[in-house]
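Notes for the one structure printed next.
Values quoted throughout were computed directly from the atomic coordinates according to the rules given, and no laboratory measurement underlies them. Quick caveat: nothing in here was measured; it's all calculated off a predicted structure. Here the Cβ is made from the backbone with ideal geometry for all residues, glycine too, and neighbour counts use every protein chain on show.
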Amino acid sequence: MLGASEDRSSLLIRNARVFTSDDARPWAGAVAVEGERISWVGDDADALEHLGAGSEAIDAHGAAVFPGFVDAHTHVRLGSNPGAVQLSGAATLGDLHGRLAAFAAGLPEDAWIEGEGWNYGAVPGGAPTADMLPVEVTGPRPAFLFSYDVHTVWLNREAMTRLGVTPRMNELPWGRPELDSETGEPTGWVHDFAVRGISEDGQRALAQHLRGFSPDATYARLLPSLDMAARFGITTVVEPQNGLDDLELFVRAREEGTLRSRLIAAIFCEPGTTAQRLDAIEDARRTYDDDRFRVSPIKLYIDDVIEPHTAAMLEPYANRPDVRGDTFWEPREFEAFLIELERRGFQSFTHATGDRGIRTVLDAVQRCREANGPGDRRHQIVHVECVHPDDLGRFSMLGAVACMQPRHCAPDIVAEWRENVGPERSRYAWPFRSLSEQGAVLAFSSDWNVAEMDPMWWLYTAVTRAAPDGTGAWNLEERVDLATAVRAATIGSAFANFAEHDRGSIVPGKYADLVVLSRDPFGMRDAREILETHVTHTIVGGRVVHRAEA
Ligand SMILES: [Zn+2]
């Protein structure tokens, strides 16, 4: 809710445990704001001298104040589809059927069943088929169901008919259908949605059939995500995967006042991207280039994900000795593309989960240095899940940023991951601490809607590597302390986005992007209390954009 006080240009937050993310002065007791910017940081005893006439004072009651969170990777545009059946948490095929049947019963017979969030572990063999979605469950309706990571889609027979998925067809504008190796029949499982489905062609093709992909529906699913960002203290959102068509959504959100956080939109490119398309992206970058909404990095995929054995590994998967995954780009072609991006002044933002995927990106960044000379490029490698120990030190050496999502390593989520990778390589699974100790910049993020958006989950998991109930902690060597985690979620993510000069820490002169918390996570005996902490005030550019109800 926005109240009258929102129009005041001056604010004082006092009686606080201010963690600044600024090494020169990590702690303070109060912060004053003039207009959009922080004007003073100091001791609580001196705070009232900085209370101007007519300025609002917020008493934090001894709770923490942090810099606003910079969520370096959050799919606010995908958000969650309010018209979809939620399948997350269903543990078996029977559970999935139960939810689908109950949802389908409320739909007309020709309506699509749109679903999201199913887990590979709930499907026999981790490989869904159309036959697993019989008419007894769906009726005559077509079903289009996203996996929890939004990388694959599961279709029933009616959906394959309507979407034109036919035998021996191995390309769709929005994905790659799996074919039965003997008959050439499509199985109902479609891979590579993440690389194709979010392209302009993919979105247009799906919008012809599914309501969830129309521009109005896409805008409708963006809004709850933007609200959540403000509520969770995320003052800068990095939307990692957009087509040029999607930018209108953010323009509309800004005009309608629903974009309360700052937003950076990465633009997706695939192998074969033409010079003309890069020209068009450069135009968009010139058009949208301010501190509220900026078009910036180029989103690429070097590999896929570990659970369905589609991340690129140096050695075969532990439980599939015949498979080691593949890269989407031929490494030479990837290098050449990165060199061209640098020449055009673009930063890359590359999804890489497997150790070979990660190494391929690092090698390409190294080739860029040889080709284009030294420079502050900050190429981001996103996810960084299974790292070869020889590559840990290369991040800092090459100036590459590790954009990571701590919640993805939680033991309640990674059962298939750990089975596929095996114990030996798991030692450097999500190696927060090793990377940090070897000088890499960590940029933390949520990967909403694959995982929870709330930064309390990132902080909790980074410091515990445990499940939400505190159990199952693994790879304890790779935990980080809370200060490191908060810095990764604020100044680290700001640095990753070339925004550290005016965001990411609480320093006079920077934007007043701040959060007031309900408690002080640094003073907790049990880390699980972090998950019970919430944001009471989110401040963006000196304005309170979210205030928790008392
Ligand atoms: Zn993602």
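Starting from the coordinates of the alpha-carbon atoms of segment 443-507, obtain the Kirkwood hydrodynamic radius over all distinct pairs and give the value in Å to one decimal.
Computed over segment 443-507, the radius equals 12.6 Å.
In nm, to one decimal, how far is the modelled label at Q208 from the one at A284, with both set 7 Å along Cα→Cβ?
Each label point lies 7 Å from its Cα, and together they span 2.2 nm.
Project the alpha carbons of segment 299-416 onto their principal axes and report the range along each, largest first, in whole Å.
42, 28, 24
Percent relative contact order of the chain, based on C-alpha pairs within less than 8 angstrom and at least six residues apart?
Taking the mean separation of contacting Cα pairs over the length of the chain, I get 17 percent.
Quick one: of the DSSP bridges fully inside the chain, what percent are antiparallel, nearest 5?
Of those bridges, close to 45 percent are antiparallel.
In a solvent-free Debye calculation with one equal scatterer on each Cα, what is log10 I(q)/I(0) for the chain at q = 0.05, 0.06, 0.07 Å⁻¹, listed in the order of the q values?
Debye curve over Cα of the chain, log10 I(q)/I(0) at q = 0.05, 0.06, 0.07 Å⁻¹: -0.20, -0.29, -0.39.
What is the sum of charges, Lys and Arg at +1 and Asp and Glu at -1, for the other residues whose Cβ falls under 13 Å from the Cβ of D355?
Details: positive: R324, R356, R359, R394, R425, R427; negative: D303, E315, D363, E385, D390, D391, E424.
Every neighbour counted, the sum reads -1.
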